[in-house]
Structure formats: structure tokens, C-alpha cells
Amino acid sequence: MNFNKFLTSLFGNKSTRDMKLVKPLVEKVKQAYPEIEKLDNDALRAKTKEIQSYVQDSAKDEKAKIAELKAKIESTPIDERGAIFDQIDKLDKDVLEIYEKALNDVMPVAFSIVKETARRFAQNEEIVVTATDFDRELAATKDFVRIEGDKAIYQNHWMAGGNDLKWDMIHYDVQLFGGIVLHQGKIAEMATGEGKTLVATLPVFLNALTGNGVHVVTVNDYLAKRDSEWMGPLYMFNGLSVDCIDKHKPNSPERRKAYQADITFGTNNEFGFDYLRDNMAISPSDLVQRSHNYAIVDEVDSVLIDDARTPLIISGPVPNGGDQMFEEYQPLVERLVDVQRKLASQYLADAKRLITDGTKMVEGGDKEGQKKLEEGFLALYRSHKALPKSKPLIKYLSEEGIKSGMLKTEEYYMENNNRHMPEAIEPLYFVVDEK
């Protein structure tokens, strides 16, 4: 026997050691299950509310303190806010630790509730419960729930991935082992047919009890939509909301609402792009994701290794090609330039008339002639600022005394830091500055 085999025989391999740690927890679930199995349908759902309250109330004081500190931030001087944020960060960590302990406390009961829910759906075509407001909301949009009087009736078949599927799965010990491992944040390797999708229902349900949201990450949008529809009724029956981000457009109110669900399904790319967009958001109201709590990644080797070789590019695809904005604004700009061209021509015509008349009046000794000249050169200056490359304008400026007269007008309006310039350019739609 070599040394490695000797150590293995003495301490066991990693898998054996992990199994020894998980097996007692599986036994606790199996011990809790008979009590859950005895409950009627309403009592089963009430049990979910009971453990949900236990988990959320476990950190009630810390959450209240965080809310109090956040309310203080706006009225606190900026240089003193750092200390408040440090306190909030510490309390957030405390809340996570408290929740972790509370979830471990209720795990046997929570797993038993999911297992018993699955068994009842598998063995009954319909499950009748007292209707709640949540049931009534579901009945308005889901075909597997209907309301009759004060009762909600859940069917054991529903549409998932375009197919009408009948629920026929029950959790066995192998799924319990996998569920515990996933809850502990470890990787669970399972062969095809061992019920990977069913395993995920256990830790997903458990961690959704905090109310902080759970993300179920899949490799393509078909699986994301199918799994949300396939596993969703198990969660919804027990009062947990379910949505899928791939069913909604990015940064839409519907996607923002999907992230507020207790359990949110989606593809790794969509979760990733939403995260990148949130990091580029200017206002808190632009955010779609909330604080990250717990996520399960299906086919983790593909998501973290294969797909990770291709980085996400936040620019993404442009809907109608690169010229979309150009095509949108081109006709508007053309209209604007056309209107300005007509205005420039009118000012040039006015300038010629006023300058000609004013020159004659000045030569004839009429004092009003100077005023007409000023008006004429202002009109000429406006024509120049509107369209300096106009050929008729350039030709007119080449005549003796015309350009110098316009430059004197420009000097007047540029005096004292362009104080009078707004008066000169106010009638124009835009100004062209030649350097």
C-alpha cells in the first residue's frame, strides 16, 4: 500500500468526507418530513409563511438600524457620510450571517415542504386550497390556477417551453444531498437523469425565504423560460413570486419588476448585461437589479469557463444598423438648413437695399441715412453669420467698402466681451463661426 492509499484509507477521500458532513443534514430532513406530510393543504402553505417570518424576523433589528442610518445620510455632511456607510456595510454583513443561521435552522422543514408539495402535485390532478390575494393574481395570468368561490384550485399540469407538462417528480435522497450542497455554495456534479432541475428547487425555495431574491442562471433563453414555467408552480403554490428576465426587454418596467420577484430566472448574458448597465446608471431610478443575495448557476462549467472566454460588450447590437440616428436626424437638419438659407438670402437682399439707400441719403445730406446704413450692415452681418459660404454674399463682400463696413458692425457687437452679440444673432436658427 503506497502512502496516498494509506492516507485515503485513514481519512477517506474528499467526496467521502463531504458525504459524512452532509448525511446528518439529510437525516434531519427525513426526520422532519413525516410531520409536514400530515399537514393539510392550507396548513402546508401556512408552514411556509411561518418559516418565512422566522427567517425575516431574525434580522429585524439590524434591518431597522440600516433603514435608520440610510434615512440620516441626506441630512449628514458629505465628509461624515463615510462613517455611516461603514456602519451600513457592517450591518449588511451581520444580516447575512443571521440569515444564514436562520436558513440552516429551517432547512429541514423547508426542504420537506418542497418535497411534499412535489409529491402532492405528482399524486393529485388538482390541489384545493383557501384562496389568497396572491392566488387570485395568479389566476388572472396563469392557466394552472382557477378560483371557485373562496377556493383556489391548482392543476398538476401546465405549459412549459411550449409543451403541456404533467408534474410527475418527487425528491429522493440524491436530490436532498444535492440541494444541501448547493445551499452551502458548493458545486454539485450530477449526471443526466439524476434530476438537476429538481434539485435546484430545494435551495432556491430555501434562500427565497429571506425576501432578498434568488437568481437561477441558465445558459440559453429557452431553458430560462422553460424552467421558470416548469418549476414555477411549486414555488407559487407556496406564495413565492417567480419571473424570467428573458421574457422582458432590457431596462423596461417589466424587467425591473422581474428582479423584484422572489425567484428570478434568466440567462448568464442577460444577468451580466443588466449588471453592466446598472454600473453605468446615472440615477438610482435607472437600476434594474437589486442587491445580489443568492444565485444558482446551471451548467456552471459552460457559464464560467466556456462562455467566460467571450467578454460581454456593453454596447451590444444596434437595432437598425449604425446609421439609425443619422437617418432619424437627416431630414430635420436638412429642413433647418433650408430655412436658414432662405433667411440668409432675405437678409442679404435687405442689406443691399438698405446700404444702397443709406449711401445715397448720406451723400444727399440726409441724417437718417446713417441709421439705414447701420441697419443694412447689421442685416449683412446676420447673413454672414447664417451662411458665410454663400456665393452671392461672398461676391457682395468683394465690392468696395462693403466688407470693411460689415467688420465695423462686428466690432461693435463684439465689444465688452460680446455683450451685444445676442442681439445680432437672435433671429438666426443657428450660427456658423469661421476660424
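The values are calculated or read from the model by the stated rules, or taken from the named source; none is laboratory data. Note that the structure is predicted; figures quoted are calculated from it, not measured. Positions of Cβ are generated from backbone atoms using ideal geometry, with glycine treated the same way; all protein chains shown enter the neighbour counts.
Only residues that are within 26 Å of the chain's Cα centre (by Cα) and either under 30 Å from ASP135 (Cα atoms) or among the small types (Gly, Ala, Ser) (or both) were counted across the stretch 65-95, and they come to 2.
Within the stretch 401-421, is even one residue of a type in the set (Gly, Ala, Ser), in contact with a Lys or Arg (Cβ under 8 Å, 6 or more places away or on another chain) and either surrounded by 13 or more Cβ atoms within 10 Å (Cβ to Cβ) or over 30 Å from LEU332 (Cα atoms) (or both)? The answer is no; no qualifying residue exists. The lone criterion from (1) more than 20 Å from LEU182 (Cα to Cα); (2) at pLDDT below 95 left unmet by LEU44 is number (2).
Would you be able to say whether some residue in the stretch 206-221 is in contact with a Pro (Cβ under 9 Å, 6 or more places away or on another chain) and at pLDDT 95 or above? Scanning the stretch 206-221 turns up at least one residue that is in contact with a Pro (Cβ under 9 Å, 6 or more places away or on another chain) and at pLDDT 95 or above.
The residue that is farthest from ASN293 (Cα to Cα), among those in the stretch 163-195 that are buried (at least 20 other Cβ atoms within 10 Å of the Cβ) and of a type outside the set (A, V, I, L, M, F, W, C), is HIS171.
Screening VAL106 on (1) exposed (fewer than 12 other Cβ atoms within 10 Å of the Cβ); (2) part of a helix (DSSP H, G or I) shows it passes everything except condition (1).
Residues in the stretch 185-223 that are closer than 25 Å to TYR259 by Cβ and without any contact (Cβ under 8 Å) to a residue 24 or more places away in the chain: GLY185 alone. The conditions are (1) without any contact (Cβ under 8 Å) to a residue 24 or more places away in the chain; (2) within 17 Å of ALA122 (Cα to Cα); (3) not in a strand (DSSP E or B), and HIS171 fails exactly one of them. Which is it? The one condition HIS171 does not meet is (1). Checking each residue in the stretch 258-270 for being assigned to a helix (DSSP H, G or I) and at pLDDT below 95 picks out ASN268, ASN269, GLU270. Quick check, is GLU434 loosely packed, with under 13 Cβ neighbours inside 10 Å and in contact (Cβ under 8 Å) with a residue 12 or more places away in the chain? Yes; evaluated as a whole, the condition is true for this residue. Annotation: THR218 fulfils all but one of (1) over 20 Å from GLU229 (Cα atoms); (2) in contact with an Asp or Glu (Cβ under 8 Å, 6 or more places away or on another chain); the unmet one is (1).
The residues of the stretch 218-237 that are surrounded by fewer than 23 Cβ atoms within 10 Å (Cβ to Cβ) and either outside any helix (DSSP H, G or I) or β-branched (Val, Ile, Thr) (or both), listed by number, are VAL219, ASN220. Number of residues in the stretch 146-162 that are free of Cβ contacts under 8 Å to residues at least 12 places away in the same chain and surrounded by 12 or more Cβ atoms within 10 Å (Cβ to Cβ): the value is 1.
Kindly indicate which of GLU68, GLU97, GLU80, GLU116 is closer than 30 Å to MET169 by Cα and either assigned to a helix (DSSP H, G or I) or at pLDDT 90 or above (or both). GLU116 is the lone residue from the list that is closer than 30 Å to MET169 by Cα and either assigned to a helix (DSSP H, G or I) or at pLDDT 90 or above (or both). Among the residues of this structure, VAL337 counts as one that is part of a helix (DSSP H, G or I) and at pLDDT 90 or above.
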